[in-house]
Amino acid sequence: MRILDRYLIRELAGPFLFGVTAFVLLFVSANILFRLTELVSELGLSLWLATELFLLWLPEWVVFTFPLATLVAILITFGRLSGDSELVAIHAGGVSFRRLVVPVVAVGLLISLVTAGMNELLVPACKQRADAIVREATVRAGKASERSIYLKEMSGGKVARLIYAERLNISTGEMTKPTITWFENGKPVLVTVADRGTWQGNGWQMFNTANYSLDAEWPTRSWFRSWRAEFPTSPKELARRSRPLEEMSYQELKDYIADALRAHQPTTEAELMLHHKLSIPFACLVFALVAPPLGMRSHRGSSSIGLGIAILVGFAYYVLWNYLAIVARQGGGVTPFWAAWLPNVVTGLVGVGLILRVRR
């Protein structure tokens, strides 16, 4: 059986690399090159920086293609085995279809773990570096550079401030809808909410500001048309030290959600990203369940047909995935957890059902 397992794994390797290459080229032409062309024309990026950006954006799309490449590899492999009557010979040798699926599922699990590792370690670091390049080029070009910010400032090993703003314009030094949670001895004592904040050179001036005291016995609310927030972090420093959600690791997202809940900030987007960090990689595993029975065909020409089936199944999966994410963002009754994991659950159950329906 080990010989058969190794044979199946070798057969899967070539189609998997083909799938990764095909889908990376598809996504690169549709996304990376288009965005890169825009940035080169708008910001005057050098060839060196454009090449660096291309390489930094690539891991995100490579990770995104692994589930589809897994699906393609299994469909093509089982299609060829079926078309060449190798499955008939394997079954005649006393090997059941369910036993044949075991090494395939093991490969799917391994690819899922590798994908999760890349999604956790490589992708956030690459996106952080790419964001820094774009931000610096935007400032050099004299254009407005805006982004949402979230920053935890520490003092003496304890949290001193949580700073959140919908938008930070680095050029004008202005924050939109800032929220600051102030801490003493690691506990929140005051929440500042304002319409906007302006950098004054050594501090921030907040406008239309409400301060909510979190005193357990006598909570109070104070309103100011103009109020000075005493923290000396400049707009450039805020932009450098704060990290967008897509650049955070799994643990950083968990910390962000916990801090945002304490500051009474929305967490839907962060929760979606948190669950997607695992649900997308483990789509490789559920595709490894659904693909073998779909790949059992008795005709030849399986490569093109396998690719076509993979595109249809993958398209249906990602349509459901995207639809549920939109519903969750709009508060449509689907939690971020189910929005991220329901496509995997549905696809996995379909795969298990198809495997159980195969008689041998």
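The values are calculated or read from the model by the stated rules, or taken from the named source; none is laboratory data. Because the structure is a prediction, the values reported are computed rather than measured. Ideal geometry is used to build each Cβ from the backbone, glycine not excepted, and the neighbour counts take in all protein chains shown.
Outside any loop (DSSP other than H, G, I, E, B) and surrounded by 13 or more Cβ atoms within 10 Å (Cβ to Cβ), is that true of Arg225? Here the answer is no, as Arg225 does not meet what is asked.
Within the stretch 201-213, the set of residues being of a type outside the set (A, V, I, L, M, F, W, C) and in contact with a strand residue (DSSP E or B) (Cβ under 8 Å, 6 or more places away or on another chain) comprises Gly203, Gln205, Asn208, Thr209, Asn211, Tyr212, Ser213.
Look through Phe54, Phe64 and report the one residue that is part of a helix (DSSP H, G or I), within 19 Å of Val290 (Cα to Cα), under 29 Å from the mean Cα position of the chain (by Cα) and in the same structural domain as Gly295 (by TED's automatic domain parsing). Spell out how you get there, then give the answer.
Details: Phe54 fails: within 19 Å of Val290 (Cα to Cα).
Unique residue meeting the criteria: Phe64.
On the given criteria, is Arg129 over 26 Å from Leu278 (Cβ atoms) and at pLDDT 85 or above? No, not satisfied. Considering the stretch 10-48, the residues that are of a type in the set (A, V, I, L, M, F, W, C), over 23 Å from the mean Cα position of the chain (by Cα) and under 24 Å from Gly308 (Cβ atoms) include one that is surrounded by the most Cβ atoms within 10 Å (Cβ to Cβ), namely Leu12. Whether any residue in the stretch 117-130 is in the same structural domain as Leu68 (by TED's automatic domain parsing), in contact with an Asp or Glu (Cβ under 7 Å, 6 or more places away or on another chain) and either farther than 20 Å from Met248 by Cα or not in a helix (DSSP H, G or I) (or both) is what I want to check. Checked against the condition, which is being in the same structural domain as Leu68 (by TED's automatic domain parsing), in contact with an Asp or Glu (Cβ under 7 Å, 6 or more places away or on another chain) and either farther than 20 Å from Met248 by Cα or not in a helix (DSSP H, G or I) (or both), the stretch 117-130 yields no hits at all. Being in contact (Cβ under 8 Å) with a residue 40 or more places away in the chain, crowded, with 19+ Cβ neighbours inside 10 Å and of a type in the set (D, E, K, R) is a property that holds for Arg80. Of the residues Leu56, Leu49, Leu81, Leu43, the single one that is closer than 23 Å to Ile280 by Cβ and not polar (S, T, N, Q) is Leu56. Among the residues examined, Ala210 does not qualify as in a helix (DSSP H, G or I), surrounded by 14 or more Cβ atoms within 10 Å (Cβ to Cβ) and either aliphatic (A, V, I, L, M) or not assigned by TED's automatic domain parsing to the domain that holds Gly156 (or both).
Applying a threshold of 9 Å to beta carbon distances and a minimum spacing of six or more residues, or different chains, the list of pairs starting in the stretch 5-20 at a residue that is more than 14 Å from Gly295 (Cβ to Cβ) and ending at one that is surrounded by 12 or more Cβ atoms within 10 Å (Cβ to Cβ) and aromatic (Phe, Trp, Tyr) reads Val20/Phe66.
Of the numbered criteria (1) part of a helix (DSSP H, G or I); (2) at pLDDT below 85, the one Leu45 fails is (1).
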